[in-house]
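Student: To start, I am sharing the structure in question, which I have written as structure tokens.
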Amino acid sequence: MLYATAIGLGVLGVLVLLATLLLCLLELLRMVLLWREKERYRSFTPQERIFYKKDKLFWLLALWGMDAALGWKTEKTDRALTLRLPAVSEGEYQRICSLLEKTVYGGIMLEPFEERALDRFLYHLTGQDMKKSLGMWLKLHYACLKKRK
């Protein structure tokens, strides 16, 4: 009986060690991927930056479980966002979409204050300024490991 307990604790210890190593590897991989993304972002032109942020916006919305696209059901998506994310104000998503349409469809570059509004909205979508479930935290924290569409 004593040997069975010792073996069970040994196996449990090995499993805990393996889980810890896996988490450390995931965090290291996450750090490398985020660093590479930041380095790539620095080389973007202003227009490439806006297109990158547009893609990131809809990718983050998909992580939150919202099917959205530029110019498609913006009012409905805006309502769903304000209900789901307390940091997002009513009409904010619609404003962000109109700013993106200005660049994507009109070829007009955003003013610095407009780009800051877009950045702030993206920050809200990362969920860093709110409480969320463990599952959502894990999804957002390790999102960089998932390939974007």
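Student: Specify the angular offset, from 0 to 90 degrees and rounded to the nearest 10, of the alpha carbon long axis of helix 112-125 from the longest principal axis of the alpha carbons in the chain.
Tutor: That helix lies at roughly 30 degrees to the long axis.
Student: Oh, and also: With a ≥ b ≥ c taken as the square roots of the eigenvalues of the C-alpha gyration tensor of region 9-103, please select rounded if a/c is under 1.5 and otherwise prolate if a/b is larger than b/c or oblate if it is not?
Tutor: Note, shape of region 9-103 comes out oblate.
Student: Given the whole protein assembly as supplied and a 1.4 Å probe, what does the accessible area of Cys144 come to in Å², nearest 10?
Tutor: 30 Å²
Student: Spin-label point model (7 Å from Cα, Cβ direction): what's the Glu75 to Ala87 distance in nm?
Tutor: About 2.8 nm, to one decimal.
Student: Now for a separate question. Among Asp67, Asp55, Asp78, what's the order by accessible area (1.4 angstrom probe), most exposed first? Don't skip to the end; give the middle numbers.
Tutor: Values: Asp67 120, Asp55 80, Asp78 5 Å².
Ranking Asp67, Asp55, Asp78 by accessible area, largest first, yields Asp67, Asp55, Asp78.
Student: Just to make sure I understand: if all protein chains stay in place, what is the order of Ile7, Ile108, Ile50 by accessible area at 1.4 Å, largest first? Don't skip to the end; give the middle numbers.
Tutor: Numbers: Ile7 115, Ile108 90, Ile50 0 Å².
The ranking, largest first, comes out as Ile7, Ile108, Ile50.
Student: Also, quick follow-up: Heavy atoms only, 1.4 Å probe, whole protein assembly: order Phe51, Phe58 by accessible area, highest first.
Tutor: Phe51, Phe58
Student: Would you mind calculating the gained length between Arg120 and Leu21 on full extension (0.36 nm times residue separation, minus the Cα-Cα distance), in nm to one decimal?
Tutor: 32.2 nm
Student: Express in nm, to one decimal, how much length is gained between Asp67 and Tyr52 on full extension, taking 0.36 nm for each residue of separation and deducting their alpha carbon distance.
Tutor: Taking Asp67 through Tyr52 to full extension adds about 3.6 nm, to one decimal.
Student: With a 1.4 Å probe and every protein chain kept in, tell me what percent of the accessible surface of the chain is carbon plus sulfur.
Tutor: Roughly 64 percent, rounded to a whole number.
Student: When only DSSP loop residues count, what chymotrypsin sites (Phe, Trp or Tyr not before Pro) in region 64-149 have their Cβ near at most 10 other Cβ atoms within 10 Å?
Tutor: Counting only loop positions with at most 10 other Cβ atoms within 10 Å, the chymotrypsin sites (Phe, Trp or Tyr not before Pro) in region 64-149 are Tyr105.
Student: Kindly report the accessible area of region 1-147 per residue (heavy atoms of protein chains, probe 1.4 Å, no ligands, DNA or RNA), in Å².
Tutor: I get 66 Å² per residue for region 1-147.
Student: Out of region 19-113, which GluC sites (Glu not before Pro) are coil in DSSP terms and have no more than 11 other C-beta atoms within 10 Å?
Tutor: Glu90
The values are calculated or read from the model by the stated rules, or taken from the named source; none is laboratory data. Just so it is clear, the model here is predicted, and its values are computed rather than measured. Cβ coordinates were reconstructed from backbone atoms using ideal geometry, including for glycine residues, and neighbour counts include every protein chain displayed. What goes into the accessible areas is simple: the full protein's heavy atoms, side chains included, and nothing from ligands, DNA or RNA. Shrake-Rupley method; radii C 1.70, N 1.55, O 1.52, S 1.80 Å.
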